[in-house]
Structure formats: structure tokens, C-alpha cells
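J.: The structure is given below, and queries will be raised subsequently.
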Amino acid sequence: HARITASVYSSHVPAIGAAIDMGKTEEPYWVPLFKGFEPSKQWMKDNRPDVVFLVYNDHATSFDLGVIPTFAIGTAAEFEPADEGYGPRPVPKVKGHPELASHIAQSVIQQDFDLTIVNDLKVDHGLTVPMNLMFGSPDAWPVQVIPFHVNVVQYPVPSGQRCFALGQAIRRAIESYDQPLNVQIWGTGGMSHQLQGPRAGLINKDWDNRFLDRLIAEPAELAKVSHIEYVREAGSEGIELVMWLIARGAMADVAGGKPPKLVHRFFHVPASNTAVGHLILENTL
Ligand code: DHB
Ligand code: FE
């Protein structure tokens, strides 16, 4: 059977992608940020999965206001990098896993979560920036990826509790797949940031670090945090953090297993307008 071995959490700031693409990672502004992901890249070399189930949000790139799926699973064989206004990022195509994705769609929909099935999807910085942070800049991505989009851009957005419950359903789906695959689940986006209006530039380090503490230690309680608290404390785009609860809900302890091992924790401000947070949690057998 397939197994979820670990979960990874990371912000997805587009300027990180631009720094990589324009060769600016050695500049003083960026050095501390990339340094925080060095242990992660090493860990990834030592713990490479077959498949990453990558929870992220499209930013009105592939899904415009014409269609707004709350939850959408990418079932295609390939996903090209999207053009977000400056041409597609020079990163490899993402290779999907249509068989596992179809199985997850079947299982999760039968568990009463109405997923949208997407066969035609271009992936934006929400997906490609975390890939660079964890894998660097290889010629081809060394894993297959199932993109899983969550609407956190256009209201109404899903609650933390629904995301946490969805993670549990995704875990049951993956563990019922009849092939011995090593699967990681990633939750991306966040942390505190607001890109618009009078509070543009808002960062809340204390709230972010408490979020990291609680995500590790008491995710079910954290899942009860209301939408309005995210917006008030973490800014209008801080709501991206509900995606981390999907990945956390898929970990073994939530289903009665052992607590995960904290492999790495990193927090850095600033990166563009955003507080960057990052965790790696391993399931222990
Ligand atoms: C920024 C952060 C985001 O999450 C995003 O989607 C776009 C921009 C920023 O910090 O600039
Ligand atoms: Fe974003």
C-alpha cells in the first residue's frame, strides 16, 4: 500500500521564484532565506518520495473568475508552468500521477468531499516556488506531483476545520492505494501577509510562530480558528494558511498513530511582503 511518510509546509512568495530565475540568490537580501532551506534540500535527497501530493492555491492564473473550484485535483500526466505576466518560469514541467490522482479523487469524493477534477492545468508560483525551495533547480523534477488546488483567493473560502477533515480523507485515500508508493503531502502558502488596502505589508511574527507551535502540537484545536481571525491577525492573504491544515490532517497521529517527528523548523521575515514559514514533519512508525 501507499504510505504518507512526511509532510512539508512552506510559503510560496513569487519574488523567491524571481530571485532564483534571475540569479539573485547570493544577494544579501536573499541569503538568509535560502540558507533556511539548505537542510530541507539535504533531507529531501535522503528522503525522496515517489509522489508529492502538493496542496497549493492557484492565484487567478489557471482558474479565473469564470470558474472557482473550492478544491481541485490535478489528474493529468503533465502540468506546464503558467505565464503569470512575465512569461512561464524557466522550471521543468511537472509530471503528474494520473493513476494515484484518479484513485484519490474516487476515494475522497466517495467520502463526501466534492472535488473538481482538472485535466488541463498550468501551475503558478504557488506550486513551483515550493518545488524550487525543496529540490533546488534540477533539469527535471525528481518526483511525480499531484497538484491539489484550494480556493483561498475569492470568497467564500473553506474553513480550517473542513481543510483538516479533508486531509484525513486524503490520508485514507492514499493508504488504500494498492501500490507501495512513498508519498509526501505538502501544505503551502502563507504565512502572514496582506498585499492590498490600508494594511498592506502587515506581518505578525508572534501569531505566525504560535501557528507553527500549534500546527505541530495541537492541529485539531488550531483547525477551529475562524476565518476572521486569519484575516485580522495574519492579513487578507494569511488565509492561505488553511492549506497547511490539509497536509497536517493527513498525518498519522490525527488517525490515532504516533505524533510526528519535527525534522526542521524555519521562519524568516521579510521575503517580499510575506513572512516565510517552513516545517518538515515525519511520520514515525
Ligand atoms: C506575495 C505573496 C503571495 O503569497 C502571493 O501569492 C503574491 C505575492 C508577496 O509577498 O509579494
Ligand atoms: Fe499567494
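Bear in mind that the values in this text are calculations on the coordinates, not laboratory data. Keep in mind that what you see is a predicted model, and the values were worked out from it rather than measured. Using ideal geometry, Cβ is built from the backbone for each residue, glycine included, and neighbour counts are taken over all protein chains shown.
J.: What FRET efficiency, computed as 1/(1 + (r/R0)^6) with R0 = 45 Å and r the Cβ-Cβ distance, is obtained for Phe267 and Glu99, rounded to the nearest 0.05?
T.: For R0 = 45 Å, the calculated efficiency reads 0.75.
J.: Okay, next question. Near Gln168, within a Cβ-to-Cβ distance under 14 Å, what is the net charge of the other residues, with Lys and Arg +1 and Asp and Glu -1?
T.: Charge balance near Gln168 sits at +1.
J.: Please list, in order along the range 125-130, the HN-Hα scalar couplings obtained from phi with the Karplus expression 6.51 cos²θ - 1.76 cosθ + 1.60 (θ = phi - 60°), rounded to whole Hz, x for Gly and Pro.
T.: Taking θ as phi minus 60°, the curve returns 4, x, 9, 6, 5, x Hz for the range 125-130.
J.: Taking the chain as a Gaussian network, Cα atoms linked when under 10 Å apart, which of Ile246, Ile228, Ile174 shows the biggest mean-square fluctuation?
T.: Between Ile246, Ile228, Ile174, it is Ile228 that shows the largest mean-square fluctuation.
J.: At what distance in nm do the modelled label points of Asp139 and Arg199 sit from each other, each positioned 7 Å from its Cα along Cα→Cβ?
T.: Calculated label separation equals 4.8 nm.
J.: Shifting gears a bit: What is the sum of charges, Lys and Arg at +1 and Asp and Glu at -1, for the other residues whose Cβ falls under 11 Å from the Cβ of Val108?
T.: Its environment carries a net charge of 0.
J.: How much length would be gained if the chain were fully extended between Asp114 and Ser226, taking 0.36 nm per residue of separation minus their Cα-Cα distance, in nm to one decimal?
T.: 38.1 nm
J.: Let me know the Kirkwood hydrodynamic radius for the range 35-116, please, with Cα pairs as the basis and the value in Å to one decimal.
T.: Final number for the Kirkwood radius of the range 35-116 is 15.3 Å.
J.: Another question about this same structure. Residue separation times 0.36 nm, minus the C-alpha to C-alpha distance between Tyr155 and Asn209: what's the value?
T.: 16.9 nm
J.: If you don't mind, another one. Of the candidates Pro259, Pro81, Pro28, which one comes out as most mobile in a Gaussian network treatment of the chain with C-alpha springs shorter than 10 Å?
T.: Taking springs between Cα atoms under 10 Å, the residue moving most is Pro28.
J.: Can you compute the FRET efficiency between His1 and Tyr86 using 1/(1 + (r/R0)^6), with r the Cβ-Cβ distance and R0 = 25 Å? Round to the nearest 0.05.
T.: So the FRET efficiency works out to roughly 0.05.
J.: Restricting attention to the range 105-176, which trypsin sites (Lys or Arg not before Pro) occupy a DSSP loop and are surrounded by at most 14 other Cβ atoms within 10 Å?
T.: none
J.: Right, another one. If packing is taken as the average number of other Cβ atoms within 10 Å across a peptide's residues, how do 135-148, 34-47 rank, most packed first?
T.: Averaged packing, sorted descending, gives the order 135-148, 34-47.
J.: Show the residues, 5+ positions off or on another chain, whose built amide H is closer than 5 Å to the amide H of Gly96.
T.: Glu78, Phe79, Val145
J.: Considering the zone a paramagnetic label at Asp253 would reach in this model (a point 7 Å from Cα along the Cα-to-Cβ line), which residues of the range 1-36 have amide N under 13 Å from it?
T.: Once the point is set 7 Å along Cα→Cβ of Asp253, 7 turn out to lie under 13 Å by backbone N, inside the range 1-36.
J.: In whole angstrom, how long is each semi-axis of the equivalent ellipsoid of the chain, when you take the square root of 5 times every eigenvalue of its Cα gyration tensor and sort them from largest down?
T.: After scaling each eigenvalue by five and taking roots: 25, 21, 20 Å.
J.: Quick check on the chain: helices-only [θ] at 222 nm, where DSSP H runs of length 4 and up contribute -39,500 (n - 2.57) each and the sum goes over total residues. Nearest 500, please.
T.: After summing the helix terms and dividing by the residues of the chain, the value is -9500 deg cm²/dmol.
J.: Excluding Asn47 itself, calculate the net charge of residues whose Cβ lies under 12 Å from the Cβ of Asn47, where each Lys or Arg counts +1 and each Asp or Glu counts -1.
T.: Combined, the nearby Lys, Arg, Asp and Glu give +1.
J.: Which whole-Hz ³J(HN,Hα) couplings does the range 260-277 yield from phi under the Karplus relation 6.51 cos²θ - 1.76 cosθ + 1.60, θ = phi - 60°, glycine and proline marked x?
T.: x, 8, 7, 8, 7, 9, 8, 9, 8, 10, x, 9, 6, 9, 10, 7, 8, x
J.: A further question on this structure: If I model a spin label at Leu285 and Glu78 as a point 7 Å from the Cα along the Cα→Cβ vector, what separation in nanometres do I get?
T.: The modelled label-to-label distance comes out at 3.6 nm.
J.: Kirkwood hydrodynamic radius of the range 1-48 from all distinct Cα pairs, in Å?
T.: Here the Kirkwood hydrodynamic radius works out to 12.6 Å.
J.: Name the residue from Pro147, Trp207, Gly167 whose Cα lies farthest towards the positive end of the charge dipole of the range 139-224, charges +1 on Cβ of Lys and Arg and -1 on Cβ of Asp and Glu.
T.: It is Trp207, whose Cα lies furthest towards the positive end.
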